[in-house]
Amino acid sequence: MKFTLAWLRDHIDIEASLDQISTVLSSTGLEVESVTNPAERLGAFTIARVLEAKQHPNADKLRVCQVDTGRGVLEVVCGAPNARTGLVGVFAPTGTLIPGTGVKLEAKPVRGVVSHGMLCSERELELSDEHDGIIELPVEMGKHLGKRYVDVMDLDDPVIEVKVTPNRPDALGVRGIARDLAAAGLGTMRKEELGFTAAGAFDCPVPIELRLPKGAGLACPAFAGRYVRGVKNGPSPAWLQQRLKAIGLRPINALVDVTNYITNDRGRPLHVYDADKLKGAICARFGRAGEKFLALDNREYEVDGEMTVIADDSGVLGLGGLMGGVSTGCGATTVNVLIESAWFDPLRTAATGRRTGIRSDARYRFERGVDPQSLPLGVDLGAMLIMDLCGGEASRMKMAGTPPDTSRVIGFKVSRVQGLSGLEIEEADVERILKTLGFGVEGKAESLKVTPPSWRPDVLGSADLVEEVVRIAGIDKVPSTPMSRPQGVAHAVMTEGQRRVRRAKRVLAGRGLVEAITWSFIGRDDARLFGGGADALELANPISSEMTHMRPGLLAGLLRAVQRNRDRSLGDHGLFEVGQAYLGDRPEDQTMLASGVRAGTARHTGNGRHWDGKAVAADLFDVKSDVVALLTALGIDAAKAQVTRDAPGWFHPGRSGTLRLGPKLVLAHFGELHPKTLKALDVEAPVAAFEVMLHALPAAKKRLTRAKPPLEAADLQPVRRDFAFVLDRAVAAADVVRAAEGADRQLIERVTLFDLYEGDTLGAGKKSIAIEVTLQPRTKTLTDEEIEAVGVRIAQSVRKATGGEIRG
């Protein structure tokens with residue numbers, strides 16, 4: 001938000017210095033980003049007259065000018081097409097730094113003729129983008145030869161730019177900023193100019209209507225207008241042009257400049273129509289499929305049924321709250337105008353702006369919340385300025401609909417200020433601050449009834465009132481109070497869940513995966529691929545059309561990242577993310593996951609091609625090892641978990657699995673992703689992935705002592721025996737391993753699978769699984785009979801659990 005010091009003084013009697021004003025603005029929450037004083041940049045530029053302009057002897061497009069600077073006549077070479085004898089312009093002597101180009105002038109020859117200075121354009125002085133010719137001043141300005149340009153043209157007016165937070169739409173007008181300064185004690189508010197308050201000489205001849213379906217009235221609940229006839233349009237006066245140029249706007253004509261001025265002066269966007277170009281009634285309605293219009297930025301936009309448009313009988317005239325159209329724009333021939341002051345839904349305005357890409361001052365204000373009670377004020381101010389600058393006669397105001405009633409009363413205790421901020425402020429000061437900011441205050445200190453003004457949609461409760469008082473009084477005055485620390489050594493502050501997240505990141509990074517942080521929002525189609533996409537998780541105000549839903553898991557974002565890397569020739573890589581996912585809109589539906597993907601040959605042992613030619617793509621066993629390593633690090637014995645084949649549908653049905661404790665507690669999913677899933681995301685196959693449910697893991701058992709257990713190291717030679725079993729193909733290998741381990745838990749240290757054979761010689765529907773069993777004696781060397789006895793128990797345990805028989 002930009003404004004000038006003189007503009008600010010239209011609303012507040014203030015004698016403070018520029019530095020004081022900047023300091024107070026920043027302390028009240030309106031951070032000053034820059035203060036620009038044209039006098040500092042343009043102090044060397046003076047008024048001068050061209051006494052003679054002749055053709056350059058060595059260049060067709062240059063002229064040699066004799067310039068009277070008020071301190072003598074200098075020869076200047078100029079390439080501007082409007083350089084001529086008698087022109088009064090702006091002169092820069094040698095040694096001057098030109099703001100628009102950053103060039104410091106030197107007396108040097110130009111095609112053989114030395115130029116002792118420069119005649120300047122508006123762009124070179126950073127007054128506008130105009131650079132087709134040098135500045136032409138009125139001839140009567142010749143009486144000021146030699147005087148500073150900024151003094152003669154009253155440009156010695158500092159420009160202040162403040163950063164306005166999204167919750168402060170009232171500060172998007174100069175009067176709102178003045179209100180904060182007055183509340184901080186830096187001045188006194190001037191009486192508000194209410195504009196043309198007379199009844200009007202005639203009825204508005206243009207019908208104004210709201211044609212919105214039932215239940216959609218919030219899209220545009222009120223539309224006010226006032227007709228002004230007999231105007232004479234032309235350039236706006238110098239004071240208005242200077243203020244618009246100072247804040248970066250280009251003056252167009254008096255009618256348009258008035259609307260831009262009121263938008264920045266009061267934060268109330270207006271639009272003015274050439275009334276003679278309107279056909280029938282003007283109305284607010286939803287767009288219709290196929291409708292288009294040419295906007296004031298000379299671009300054509302297509303509207304749809306979700307957009308609020310302003311239209312007449314000929315079609316769409318503009319997008320409500322964003323931009324008007326060329327067809328009813330005001331020009332030099334405009335005689336009769338209709339001033340529009342409406343209120344548009346912030347959410348719908350923001351959504352329309354994103355879809356169309358329109359960025360306008362009106363959109364910036366409407367999507368943050370324009371004062372709904374400012375509709376009459378807007379048309380009255382517009383009518384007053386138009387009649388002052390262009391003449392004419394105003395009609396009576398006409399309004400369709402009713403502005404939204406945002407009035408509310410907040411119970412407030414003055415003691416809340418000290419309770420929440422620690423700042424002691426007198427009751428009278430609290431009431432003065434609130435009243436100066438526009439709040440209605442009634443009652444006594446501990447039972448105040450405070451009514452927020454209509455331009456403050458962000459104040460909803462007593463805590464918001466405390467914030468208003470404290471920011472005006474000065475946040476720097478809030479006392480710093482150290483937190484109590486009764487014990488010398490601080491206790492651990494991280495929860496078990498937070499420790500799991502940190503440990504998970506370390507483990508996965510240690511296994512060669514690179515951490516990625518992806519958006520928590522994904523598109524509806526992506527969400528549905530992974531079991532999400534419910535209406536309850538759709539964002540009301542998404543930042544893009546591809547980020548409309550809360551993510552049900554982390555894999556969609558990781559897979560998109562994988563393909564982006566592949567598009568940049570990084571094909572073999574692994575990514576992981578630890579973050580939140582959302583299964584519903586309730587607090588208990590928020591989950592914490594650790595997910596990872598391995599693409600190409602990104603295995604734990606390394607990736608890329610190898611000289612021995614054995615580089616293979618990562619598969620389900622790689623990601624299963626990631627899951628087991630992570631669970632082990634988190635204190636979960638993965639060996640006790642059951643592997644089932646019911647992984648979610650986004651995994652390959654024959655190359656995936658689920659790790660669970662019991663029938664209900666799911667620890668993780670792992671495996672290769674389904675080709676259909678990868679195709680829908682446009683990701684090249686194969687890709688292996690895993691998901692570990694950190695939120696569902698059982699709590700780690702607490703140790704009774706911090707002492708490490710004694711080392712149990714056997715000094716006897718282990719014994720290894722191989723067993724091969726013939727069993728049904730449907731039997732899982734894990735069942736065989738688990739049965740063998742349970743045959744003798746004292747002696748059996750490890751069971752590993754090393755062979756799988758399927759052939760017709762075994763019989764239909766049969767397979768052979770071979771395991772290696774390691775026996776570790778603790779107290780004595782095992783005899784052959786003892787080893788054979790263990791073998792028998794192993795065979796019996798496997799037979800009982802799986803039906804498998806020792807292969808002959």
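The values are calculated or read from the model by the stated rules, or taken from the named source; none is laboratory data. Predicted model only: the values in this text are computed from it and were never measured. No Cβ is skipped: glycine too gets one built from the backbone with ideal geometry, and neighbour counts run over all protein chains shown. These accessible areas exclude ligands, DNA and RNA; they are computed on the full protein's heavy atoms, side chains included. Shrake-Rupley method; radii C 1.70, N 1.55, O 1.52, S 1.80 Å.
Here are the numbers for the structure shown:
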{"item": "Subset of the range 241-268 that is aliphatic (A, V, I, L, M) and modelled with pLDDT of 95 or more - its residue that is nearest to Leu385 (Cα to Cα)", "result": "Val258"}
{"item": "Options Leu244, Leu278, Leu255: the member that is within 29 Å of the chain's Cα centre (by Cα) and not polar (S, T, N, Q)", "result": "Leu244"}
{"item": "Selection status of Ala739, modelled with pLDDT of 90 or more, open to solvent by less than 20 Å² (accessible area, probe 1.4 Å), touching a Gly at 6+ places or on another chain (Cβ under 9 Å) and closer than 26 Å to Leu659 by Cβ", "result": "yes"}
{"item": "Glu15 vs. criteria without any contact (Cβ under 8 Å) to a residue 12 or more places away in the chain and either within 17 Å of Asp154 (Cα to Cα) or over 33 Å from the mean Cα position of the chain (by Cα) (or both)", "result": "no"}
{"item": "Residue list for the range 386-425, filter: over 27 Å from His271 (Cα atoms), open to solvent by 70 Å² or more (accessible area, probe 1.4 Å) and part of a loop (DSSP other than H, G, I, E, B)", "result": "Val409, Lys413, Glu424"}
{"item": "Lone qualifier among Gly533, Gly512 - being over 31 Å from the mean Cα position of the chain (by Cα), at pLDDT 90 or above and either among the polar types (S, T, N, Q) or not in a helix (DSSP H, G or I) (or both)", "result": "Gly512"}
{"item": "Pick from the range 322-348, criterion among the polar types (S, T, N, Q) and part of a loop (DSSP other than H, G, I, E, B), ranking: surrounded by the most Cβ atoms within 10 Å (Cβ to Cβ)", "result": "Thr328"}
{"item": "Residue under evaluation Gly29, criteria (1) in a loop (DSSP other than H, G, I, E, B); (2) of a type in the set (Gly, Ala, Ser); (3) touching a strand residue (DSSP E or B) at 6+ places or on another chain (Cβ under 8 Å), criterion not met", "result": "(3)"}
{"item": "Any hit, the range 162-171, residues being open to solvent by 60 Å² or more (accessible area, probe 1.4 Å) and in contact with a Pro (Cβ under 9 Å, 6 or more places away or on another chain)", "result": "yes"}
{"item": "Any hit, the range 287-303, residues being free of Cβ contacts under 8 Å to residues at least 12 places away in the same chain and farther than 30 Å from Arg190 by Cβ", "result": "yes"}
{"item": "Members of the range 536-555 found to be at pLDDT 90 or above and either open to solvent by 30 Å² or more (accessible area, probe 1.4 Å) or not in a loop (DSSP other than H, G, I, E, B) (or both), listed by number", "result": "Ala536, Leu537, Glu538, Leu539, Met547, His549, Met550, Leu555"}
{"item": "Every residue from the range 575-584 that is open to solvent by less than 60 Å² (accessible area, probe 1.4 Å) and either hydrophobic (A, V, I, L, M, F, W, C) or over 21 Å from Asp526 (Cβ atoms) (or both)", "result": "Leu575, Phe576, Val578, Ala581"}
{"item": "Close pairs (7 angstrom Cβ cut-off, 6 or more residues apart or separate chains): touching a residue at least 40 places away in the same chain (Cβ under 8 Å) in the range 647-660, aromatic (Phe, Trp, Tyr) and open to solvent by less than 30 Å² (accessible area, probe 1.4 Å) anywhere", "result": "Trp650/Phe530"}
{"item": "Matching option when the condition is more than 30 Å from Ser595 (Cβ to Cβ), modelled with pLDDT under 85 and within 53 Å of the chain's Cα centre (by Cα), among Ala707, Ala713", "result": "Ala707"}
{"item": "Qualifying residue in the range 299-321 (condition: part of a loop (DSSP other than H, G, I, E, B), of a type outside the set (Asp, Glu), closer than 19 Å to Leu210 by Cβ and over 32 Å from the mean Cα position of the chain (by Cα))", "result": "yes"}
{"item": "Failed item in (1) in contact with an Asp or Glu (Cβ under 6 Å, 6 or more places away or on another chain); (2) open to solvent by 70 Å² or more (accessible area, probe 1.4 Å), with Thr802 passing the rest", "result": "(2)"}
{"item": "Residue list for the range 332-345, filter: closer than 11 Å to Gly320 by Cα and in contact with a Gly (Cβ under 6 Å, 6 or more places away or on another chain)", "result": "Glu340, Ser341, Phe344"}
{"item": "Among the candidates Cys283, Cys204, residue that is in contact (Cβ under 8 Å) with a residue 24 or more places away in the chain and touching an Asp or Glu at 6+ places or on another chain (Cβ under 7 Å)", "result": "Cys283"}
{"item": "In the range 224-271, the residues that are part of a strand (DSSP E or B) and either crowded, with 24+ Cβ neighbours inside 10 Å or in contact with a Leu (Cβ under 8 Å, 6 or more places away or on another chain) (or both)", "result": "Ala224, Gly225, Arg226, Tyr227, Val228, His271"}
{"item": "Boolean, Arg71 is crowded, with 17+ Cβ neighbours inside 10 Å, at pLDDT 90 or above, more than 50 Å from the chain's Cα centre (by Cα) and among the basic types (Lys, Arg)", "result": "no"}
{"item": "Enumeration of residues in the range 50-86 that are in a loop (DSSP other than H, G, I, E, B), in contact with a Ser or Thr (Cβ under 9 Å, 6 or more places away or on another chain) and under 17 Å from Val139 (Cα atoms)", "result": "Thr69, Gly70"}
{"item": "Extreme residue, nearest to Asp156 (Cα to Cα), among residues of the range 197-241 that are over 36 Å from the mean Cα position of the chain (by Cα) and among the aliphatic types (A, V, I, L, M)", "result": "Ala238"}
{"item": "Unique residue being in contact with a Leu (Cβ under 9 Å, 6 or more places away or on another chain) and not hydroxyl-bearing (Ser, Thr, Tyr) when the list is Leu555, Leu570, Leu460, Leu539", "result": "Leu555"}
{"item": "Residue list for the range 132-152, filter: assigned to a loop (DSSP other than H, G, I, E, B) and either among the hydrophobic types (A, V, I, L, M, F, W, C) or exposed (fewer than 13 other Cβ atoms within 10 Å of the Cβ) (or both)", "result": "Asp132, Ile134, Ile135, Pro138, Leu145"}
{"item": "Qualifying residue in the range 585-599 (condition: hydroxyl-bearing (Ser, Thr, Tyr) and either part of a strand (DSSP E or B) or open to solvent by less than 50 Å² (accessible area, probe 1.4 Å) (or both))", "result": "yes"}
{"item": "Residue in the range 604-621 that is assigned to a strand (DSSP E or B), out of contact with any strand residue (DSSP E or B) (no Cβ under 6 Å at 6 or more places or on another chain) and modelled with pLDDT under 85 present", "result": "yes"}
{"item": "Enumeration of residues in the range 274-305 that are acidic (Asp, Glu), farther than 16 Å from Gly225 by Cα and open to solvent by 40 Å² or more (accessible area, probe 1.4 Å)", "result": "Asp297, Glu300, Glu302, Asp304"}
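One line per residue, one yes/no per condition, for (1) in a helix (DSSP H, G or I); (2) closer than 17 Å to Asp735 by Cβ:
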{"site": "Lys767", "(1), (2)": "no, yes"}
{"site": "Ala770", "(1), (2)": "no, yes"}
{"site": "Pro777", "(1), (2)": "no, no"}
{"site": "Leu782", "(1), (2)": "no, no"}
{"site": "Glu788", "(1), (2)": "yes, no"}
{"site": "Val792", "(1), (2)": "yes, no"}
{"site": "Ala795", "(1), (2)": "yes, yes"}
